[in-house]
Amino acid sequence: MDKDGNVIIRAEGLAKSFGHTRALKGIDLTVRSGDFWLIFGPNGAGKSTLIGILATLLKQTKGKLTIDGIHSGNDIVELRRKIGVISHQTFLYGDLTAYENLSFYGRLYGIDNLKTKVLHMLAEMGLADWADERVRNFSRGMQQRLTIARALLHGPSILLLDEPGTGLDQHAMRHFYHLLGDLHSQKQTILMTSHNLTIGLEKCTHLAILAGGRIVFSARKAELDGKNFEEIYFQYTEKERK
């Protein structure tokens, strides 16, 4: 854990450029153990880039990132053991079955009682009847459910979720957000991005708005009237467009 109290993620001046495009322009973010951050922003705001850097899948151009006291440039394997990530990429193998995909990742993480845990996660995500089906035959929604199972399989202490509801029907989405609530009650630290202002508000502890590659607003949810957040969101995102 970070020597500064219970800080689990500390980003200082994170910037990322792709050629001449500046996707992130100096992100400062402090996330404490057990926090549930919701980061809202329009398409192109830099949400996926931020998640990619926090998950150690992308390297920042500038700035410093520490996770649980470990600098992001050091001991990547240990960092990734702490993190479960859901992004726009599923990181699933289409020629493997659902069971084989989870077993593969379970072996990478050295999970004990692997068969039992794989079968439990498949059942948890409503995929038990498709355990032996090749993932290339799955619908987008089924792939997303399996992606969620992959991200949770090793019991990570930090969850990084980039619009995780993508592809889920209403029933699956409701189940997933109920599961998120259970995980947060167990003190997992969660950071989730979304462009949907109605999802997750009742469960989060902190809210932020990312626009134009910058965090332009952040606050504890307890400090806000949820009914006014939509107005705040459009105020800040419209200002960034001008």
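The values are calculated or read from the model by the stated rules, or taken from the named source; none is laboratory data. Fair warning: this is a prediction, and the values are worked out from it, not measured in the lab. For neighbour counting, all protein chains shown are included, and Cβ atoms are generated from backbone atoms with ideal geometry for every residue, glycine included.
List of remarks:
- Of the criteria (1) β-branched (Val, Ile, Thr); (2) crowded, with 21+ Cβ neighbours inside 10 Å; (3) at pLDDT 95 or above; (4) in contact with a helix residue (DSSP H, G or I) (Cβ under 8 Å, 6 or more places away or on another chain), which one Ile86 fails: (3)
- Being more than 25 Å from Phe217 (Cα to Cα) and touching a residue at least 60 places away in the same chain (Cβ under 8 Å) holds for only one residue in Lys25, Lys82, Lys117, and it is Lys82.
- Test result for Met142, without any contact (Cβ under 8 Å) to a residue 40 or more places away in the chain, in a helix (DSSP H, G or I), under 25 Å from Phe36 (Cα atoms) and of a type in the set (A, V, I, L, M): no
- Once segment 5-33 is narrowed to residues that are part of a loop (DSSP other than H, G, I, E, B) and touching a strand residue (DSSP E or B) at 6+ places or on another chain (Cβ under 6 Å), the residue that is modelled with the highest pLDDT is Ser33.
- Annotation note: Cβ proximity below 6 Å between a residue of segment 175-202 that is within 16 Å of Pro42 (Cβ to Cβ) and a residue that is among the aromatic types (Phe, Trp, Tyr) and part of a strand (DSSP E or B) (sequence gap 6+ or interchain) occurs for Ser194/Phe40.
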